[in-house]
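Since every read-out is calculated from the coordinates, none of them should be taken as a lab result. In this text the structure is predicted, and so the values were computed from the model without any measurement. Don't worry about glycine lacking a Cβ; one is built from the backbone with ideal geometry, like all the others, and counts go over all protein chains shown.
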Amino acid sequence: MMVTTDDGDAEIYEKYADELIRFATALAGPSSARDVLADAVLRVFTSPSWKSVANKRAYLYRAVLNEARQRKRSLDRRLRYEMTERSPATDREEEIVGRADLARALCRLTVRQRAVVFQTYWLELDAREIAGDLHLSERTVQRELARARTRLKELLG
């Protein structure tokens, strides 16, 4: 299948690519970030509804979030299958040997929580801006951030 985009799509991609790759890295890790972004952008640009989207930046953020969620679910299913086929389940921290405690703790958050944490602390956005980017209510953003902070405190001691 050949994908064609207009010049406007290329300009939009160029405008937001750097921040979207950082976002994808926070959600899916450095090894998967480019694939997550590429698949999300491909899905968006080939969608019939793309031309009518008013807030293209927010739409792209949401697409990256959805793609990262989908990949995480797929990876989790594969790992569960492989673990039951090969050996008894092992602790997630043992699988991520050598990573910093914070990175391990962030991996234990939900994808939505990681998205909110990333946008809060790395992009320094407020709840209203994050809500707009992720198509969530401000209250949902605040709740997810509070849950993420609580979970990080538990995980990091």
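Can you put GLU19, GLU124, GLU144 in order of Cβ neighbours within 10 angstrom, beginning with the fewest?
Details: GLU19 16, GLU124 8, GLU144 23.
By the 10 Å Cβ count, ascending: GLU124, GLU19, GLU144.
Say R0 is 22 Å: what FRET efficiency, to the nearest 0.05, do GLU11 and HIS135 get from their beta-carbon distance?
Working: r = 23 Å, r/R0 = 1.03.
It comes out at approximately 0.45.
Please compute the length gained on full extension between ALA146 and ASP101, using 0.36 nm multiplied by the number of residues separating them and subtracting their Cα-Cα distance. Please list the in-between numbers first.
Numbers: separation 45, 0.36 × 45 = 16.20 nm, distance 1.96 nm.
Additional length available on full extension: 14.2 nm.
Could you work out the percent of alpha carbon pairs in region 98-157 separated by over 20 Å, rounded to a whole number? Working shown, then result.
Working: 396 of 1770 pairs.
Across region 98-157, Cα pairs with separations above 20 Å total 22 percent.
Using the count of nearby Cβ atoms within 10 Å as a rough guide to exposure, how do ILE21, ILE12, ILE130 rank from fewest to most?
Values: ILE21 17, ILE12 21, ILE130 24.
Going from least to most buried by this count: ILE21, ILE12, ILE130.
Contour minus end-to-end for ASP18 and ARG77, with contour as 0.36 nm per residue of separation and end-to-end as the Cα-Cα distance?
Numbers: separation 59, 0.36 × 59 = 21.24 nm, distance 3.01 nm.
18.2 nm is the gain from fully extending ASP18 to ARG77.
Length gain on complete extension for the stretch GLU154 to LYS56, per 0.36 nm per residue less the alpha carbon to alpha carbon distance? Display every interim value, and only then the final one.
Numbers: separation 98, 0.36 × 98 = 35.28 nm, distance 3.66 nm.
Contour length minus Cα-Cα distance gives 31.6 nm.
In what sequence, highest mean first, do 41-49, 114-122 appear when ranked by Cβ atoms within 10 angstrom?
Details: 41-49: 14.6, 114-122: 20.4.
My ranking of the peptides, most packed first, is 114-122, 41-49.
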